[in-house]
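Single-structure report; data block below.
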Amino acid sequence: MALSYGSLALYATAFTFIYYFLLGIYNVFFHPLRHYPGPLLWRASPLPKNIYMLRGLYAKKAREIHETYQGTVRVAPNELSYIQRNATPSQTPQAWKDILGRPLKSEMYKDMRFFGGDAFGRDSLVTTLPEDHTRMRRIFSHAFSNTALKAQEPLLVKYADQMVDTMGALASRYDGRINLVDLFNFCTFDVMADLTFGEPLLLLERGDYHPWVHGLFSGLKYVIYGVVLLEFPVLGPLCERVLAAPMKRAAQDHMDFAGALVDRRLAQKDHPKPDIWSFVVKHQGGQKGLSDREMHANAAMFMVAGTETTATVLSGVAYYLLRNPAVHARLTAEIRGAFARTEDINKDRLVQLEYLNGVLMEGLRIYNPGGSGMPRIVPEGGAEICGEFIPGGTWVSVNPYVAFSHPDNWARPREFIPERWIHPENPEWRDDKREVHEPFSFGPRNCLGKNLAWLELRLMLAKTLWHYDLEMCPGMENWVDQKSYLTWEKGPLMVKLSPVKRD
């Protein structure tokens with residue numbers, strides 16, 4: 001007798017339930033990672049982690065899990081998260097080395113979906129194969145060298161000055177109230193566009209976002225949606241059909257926009273500014289140079305990696321300054337005491353400001369722009385991590401947000417204390433594990449633009465506090481309670497701006 005559709009559906013549902021129930025039993029009791037602690041349901045199924053990822057709550061949930069289960073934590077059946085080991089010195093530095101510090105030829109694989117594989121293919125610094133990475137990084141290193149930074153400093157100063165002027169103009173229009181998140185974004189995107197494309201996006205001039213930037217922000221969230229939804233049973237194939245095409249189209253639009261601007265810049269043979277390409281073109285002779293596709297992919301990548309991240313740190317630092325009046329007052333006094341004129345604010349003198357650097361280091365610790373670790377995949381044959389053998393195919397990561405705020409690594413970890421970086425010998429935080437702190441990642445693929453980011457952070461914060469007194473607007477007290485999709489989903493940070501009166 002033929003089965004009815006209802007009976008078939010019932011049998012299919014029962015079979016699916018039994019399959020995943022038995023798979024959960026295997027994952028908990030027989031899986032090679034069964035000895036690692038973690039919440040029961042998380043060890044049994046990837047579903048709990050994926051749900052938290054979709055909701056943008058995984059970063060904070062991971063911190064809660066790591067504070068409950070000591071040592072290496074199993075956050076999915078086939079995934080381990082590293083930050084510290086109970087009753088022993090911190091394992092995080094070793095985890096950084098074992099996961100991200102391996103030589104390129106034996107490095108752990110990236111899941112390209114997290115690193116913009118749809119947009120960049122294998123043609124950017126963050127996605128390229130090991131054999132091309134060394135060549136590519138060597139060429140681009142000239143554009144991010146100290147020599148380049150010295151030549152680029154006037155450009156950065158110009159945009160920092162334009163930023164504080166725009167702050168004042170907007171404040172006069174809106175009763176002194178401005179959104180610092182927007183202003184920091186406008187400045188970092190204009191800086192990076194000028195360095196990458198030879199021309200700004202004119203965000204500071206317009207006081208508003210370019211449509212391409214809006215698309216970039218939404219794209220970060222949809223990367224997570226795509227990665228997670230494709231792993232759901234039944235939903236996976238459907239999401240592949242529904243999401244794959246528009247995501248790839250959006251990625252291609254991002255590449256096309258960046259590529260067109262790069263081509264326009266390279267057509268200018270005598271470009272007057274010391275941008276990225278002026279150094280790249282000069283130094284790629286005598287070796288295999290960059291293809292057009294590699295130039296386009298890296299330009300698109302720089303506009304993601306070198307913009308929103310810096311603006312995120314500045315926004316977080318501003319929030320914590322406004323929540324800690326004594327720190328705010330001390331930093332403001334240091335900056336205004338060091339510079340009689342705004343024209344005196346420069347790279348060499350900013351490096352010498354002890355409290356400014358302590359504030360920024362603490363900001364990078366307590367509000368790192370990466371909300372959670374980017375997983376690597378252990379290669380076939382397995383690898384040793386922190387003295388333990390991990391089988392091939394396992395996802396592993398160091399979670400910066402958790403590692404940088406875990407009580408086993410830091411005294412008073414959720415308090416904003418710049419002094420921990422200035423007076424490390426203080427008994428209260430003498431045992432802080434500062435070697436854990438790698439805000440620009442680690443190993444041969446760490447952030448190439450770290451020195452540029454440091455100059456932007458120092459310059460933009462110093463210019464802002466030199467020109468203006470800041471006061472947090474009502475309702476901003478819990479601004480930092482945010483969701484995370486690759487980076488933090490920031491709401492407006494509204495502040496009351498008052499120009500400093502000088503004799």
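Annotations for the structure displayed:
- Out of GLU456, GLU471, GLU415, sole residue that is within 15 Å of ARG323 (Cβ to Cβ) and not in a loop (DSSP other than H, G, I, E, B): GLU471
- When MET163 is tested against (1) more than 27 Å from ASN446 (Cα to Cα); (2) surrounded by fewer than 18 Cβ atoms within 10 Å (Cβ to Cβ), just one condition goes unmet, and that condition is (2).
- Residue list for segment 246-275, filter: farther than 28 Å from TYR225 by Cα, out of contact with any Asp or Glu (no Cβ under 9 Å at 6 or more places or on another chain) and not aliphatic (A, V, I, L, M): GLN268, LYS269, ASP270, HIS271, PRO272, PRO274
- Boolean, ALA171 is closer than 23 Å to ASP469 by Cα, in the same structural domain as ALA318 (by TED's automatic domain parsing), part of a helix (DSSP H, G or I) and among the small types (Gly, Ala, Ser): yes
- With respect to the conditions (1) assigned by TED's automatic domain parsing to the domain that holds THR72; (2) at pLDDT below 95; (3) out of contact with any His (no Cβ under 7 Å at 6 or more places or on another chain), HIS406 falls short on a single one, namely (3).
- Pair list, Cβ < 7 Å and 6+ apart or interchain, from segment 90-117 residues that are assigned by TED's automatic domain parsing to the domain that holds GLY387 to residues that are modelled with pLDDT under 65 and part of a loop (DSSP other than H, G, I, E, B): SER90/GLN84; GLN91/GLN84; GLN91/ARG85; THR92/GLN84
Residues checked against (1) crowded, with 18+ Cβ neighbours inside 10 Å; (2) over 24 Å from TYR52 (Cα atoms):
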{"site": "VAL436", "(1), (2)": "yes, yes"}
{"site": "LYS463", "(1), (2)": "yes, yes"}
{"site": "GLY475", "(1), (2)": "no, yes"}
{"site": "PRO492", "(1), (2)": "no, no"}
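- Subset tally (residues that are assigned to a helix (DSSP H, G or I), more than 29 Å from TYR225 (Cβ to Cβ) and aromatic (Phe, Trp, Tyr)) for segment 1-55: 3
- Test result for ASN146, modelled with pLDDT of 90 or more, among the polar types (S, T, N, Q) and more than 30 Å from GLN252 (Cβ to Cβ): yes
- Residues in segment 336-347 include none that are among the β-branched types (Val, Ile, Thr) and farther than 15 Å from ALA160 by Cβ.
- From the list LEU243, LEU261, LEU230, the lone residue that is out of contact with any strand residue (DSSP E or B) (no Cβ under 8 Å at 6 or more places or on another chain), at pLDDT 85 or above and surrounded by 12 or more Cβ atoms within 10 Å (Cβ to Cβ) is LEU261.
- Members of segment 22-56 found to be modelled with pLDDT of 95 or more and among the hydrophobic types (A, V, I, L, M, F, W, C), listed by number: ILE25, VAL28, PHE29, PHE30, LEU33, LEU40, LEU41, TRP42, ALA44
- Against the conditions (1) buried (at least 18 other Cβ atoms within 10 Å of the Cβ); (2) on the phi > 0 side of the Ramachandran plot, GLY387 satisfies every one except (1).
- Given (1) in a helix (DSSP H, G or I); (2) touching a residue at least 24 places away in the same chain (Cβ under 8 Å), number of the condition LEU183 does not satisfy: (2)
- Residue ID - modelled with the lowest pLDDT, chosen from residues in segment 79-120 that are charged (D, E, K, R) and outside any helix (DSSP H, G or I): ARG85
- Test result for ASP190, assigned by TED's automatic domain parsing to the domain that holds PRO474, free of Cβ contacts under 8 Å to residues at least 40 places away in the same chain, in a helix (DSSP H, G or I) and of a type in the set (Asp, Glu): yes
- Considered as a group, the residues in segment 477-490 that are modelled with pLDDT of 95 or more and among the hydrophobic types (A, V, I, L, M, F, W, C) include one that is surrounded by the most Cβ atoms within 10 Å (Cβ to Cβ), and that residue is TRP479.
- Checking ARG323 against (1) under 22 Å from ASN478 (Cβ atoms); (2) surrounded by 17 or more Cβ atoms within 10 Å (Cβ to Cβ), the condition it does not meet: (2)
The values are calculated or read from the model by the stated rules, or taken from the named source; none is laboratory data. Fair warning: this is a prediction, and the values are worked out from it, not measured in the lab. All Cβ positions, glycine included, derive from the backbone under ideal geometry; neighbour counts span all protein chains shown.
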